[in-house]
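Report on one structure; see the data block that follows.
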Amino acid sequence: MHGMRQKPLPNMNHAPRARARARAAVGLLLAMGCLAGAGSAAAATPPAAASTAPGPVLSAHEQVVQTFLTQQTQPQTEGDAPGFTRVDIRVGALDSRVKLAPCSRMDPYLPSGARLWGRTMIGVRCTEGGRWNILVPVTVSVWGRAMVAAGPLVAGTILDASDVQEQEVELSRERTPIVRSVQAIEGRTLKRHINTGQPVLENAIRVTPLLAAGDAVRVRISGPGFAIAAQGVALAPAGDGQPVRIRTEQGKVLSGTAREGRIVDVAL
């Protein structure tokens, strides 16, 4: 036993400092745990979606385009008969690489060859501030009352009011104008087949000829203070209201307007 070295007893004066260090360590661990927990909570919570709203310059040019298109379609919406029933304007985004300088005055315009309807482009020019000129993509959808086929119609049909019915259609979907009144189709000849419910396009009908070349016609010639009747011959086919050339019995060639009943009105 005398050969064995005894371990020195711990110095009790160091115990308070040891306990203080232990408490500090526990506090640090708790703080780290809280931070880690906060980090986990942050990771679990999806980040707020980034705003996709355009900046002030983009908002300004979009508003300029919106106002321009509204003004261009408004007169037709309010004043024309039958008019438009709805107009929807959607302004597209510019290429994200386009950077516009601040501008205090922007002038919109319709580029040469561009349409106001459908998918098109509207120009915006900065005239005060930055000097730039851009083309903004837009989609303008226009609805209105128009004529659609009441049933299947075959080419060669001479149309009347029973062949069509009025419906709301998207006028801007077609590049060719759609017939919008019954009067515009009555007596016209259909040039191609149209299915039930399809709109009747202006280029799908033609005036039905009242006269053929060589037909005998009655000529009504009028001028200041006189009106005479004569006989003549049509030199070309023509429908009601269309211009036509005729030759009188005296061999004189005149231009007039074809009317029902094989009549040609000539104004001198």
Legend entry - Relative packing of 86-99, 129-142, which averages over residues the other C-beta atoms within 10 Å, highest first: 129-142, 86-99
Inset, instruction - Using all C-alpha to C-alpha distances in region 56-142, build P(r) with 10 Å bins and read off the rounded percent in each one. - result: 17, 48, 27, 8, 1
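What does the charge count near residue 130 come to, summing +1 for each Lys or Arg and -1 for each Asp or Glu among other residues with Cβ under 11 Å from its Cβ?
+3
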Legend entry - Cα convex hull of region 210-267 - mean projected area over all directions, nm²: 3.4 nm²
Legend entry - Ranked packing of 61-67, 155-161, 225-231, most packed first, by mean Cβ within 10 Å: 61-67, 155-161, 225-231
Legend entry - Within-13-Å neighbourhood charge of residue 210 [Cβ basis; K, R +1; D, E -1]: +1
Inset, instruction - Specify the inter-centroid distance of region 81-136 and region 194-268, based on alpha-carbon positions, in whole Å. - result: 46 Å
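Values in this text are rule-based calculations from the coordinates and carry no lab data. Keep in mind it's a predicted model, so treat the numbers as computed, not measured. So basically every Cβ, Gly included, is an ideal-geometry build from the backbone, and we count neighbours across all protein chains shown.
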